[in-house]
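Below is one structure, written out as structure tokens; comments come after it.
What follows draws every value from the coordinates through simple rules; no lab data is involved. The structure displayed is predicted, hence computed values, not measured ones. Because the Cβ atoms are built from the backbone with ideal geometry, glycine has one as well, and the counts that use them run over all protein chains shown.
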Amino acid sequence: MTCIHLIEDNIETCTLVQKVLLLAGYRMITSHDGEHALHLLENRLIPLPNLIILDVALPGMTGYEVARRIKKNPILRQIPVVFFSSRNRAELQEMVQEIGIEGIISKPFKVSEFLTKIENKLVADKSDLINC
């Protein structure tokens, strides 16, 4: 089963995304801040996910900083990362290109469009990672 790691500090958004993805048949891991997510990933305390959905505006370490650390890590960089943000797409596009992020999902979102974007990222990646 495909596993997605959601890194999102807003509890309501996190709950909504979890429900949508669980109903669509995905397994979920959630973190509410970047430090916790990196601790889990870098120390292999969780199996590697097939996709990371990363809020840009996290408290403490920003999503941008988390993404940079993921993409610098030789093991983690193979995991596709998608920014999840209400910011202007043009504003984020530079960050996406600079760090090698695989895409952007805008907030708020329509469930059907959200799921299509997730499925497209997973198909494009065809990762050999172990599912969580």
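Which value in deg cm²/dmol, rounded to the nearest 500, describes the helix-derived mean residue ellipticity at 222 nm for the chain, given -39,500 (n - 2.57) per DSSP H run of n ≥ 4 and division by the residue count?
Taken over the chain, the calculation gives -13500 deg cm²/dmol.
Relative contact order of segment 3-125, please, whole-number percent, based on alpha carbon pairs below 8 angstrom and at least 6 residues apart.
22 percent
Quick one: among L122, L58, L23, which has the greatest mean-square fluctuation in a GNM of the chain with alpha-carbon springs under 10 angstrom?
L23
Given the options A37, A24, A67, state which has the largest fluctuation in a GNM of the chain using a 10 Å cut-off (strictly under) for Cα springs.
Comparing A37, A24, A67 in a Gaussian network model of the chain, the most mobile one is A24.
Going through the DSSP H helices of the chain, which span 20 Å or more along their own axis at the Cα atoms while scoring at least 0.0 as a mean Kyte-Doolittle hydropathy?
Those that pass (Cα extent of 20 Å or more, hydropathy at least 0.0) are 111-125.
Separation between the A57 and Q97 pseudo-spin-labels, each 7 Å from Cα along Cα→Cβ, expressed in nm?
My value for the distance between the label points is 2.4 nm.
Starting from 0.36 nm per residue, how many nanometres of slack lie between Q78 and E65 once their C-alpha separation is accounted for?
Extra length from Q78 to E65 when fully extended: 3.0 nm.
Multiplying the sequence separation of N43 and R27 by 0.36 nm and subtracting their Cα-Cα distance, what value in nm do you get?
Length gained between N43 and R27: 3.8 nm.
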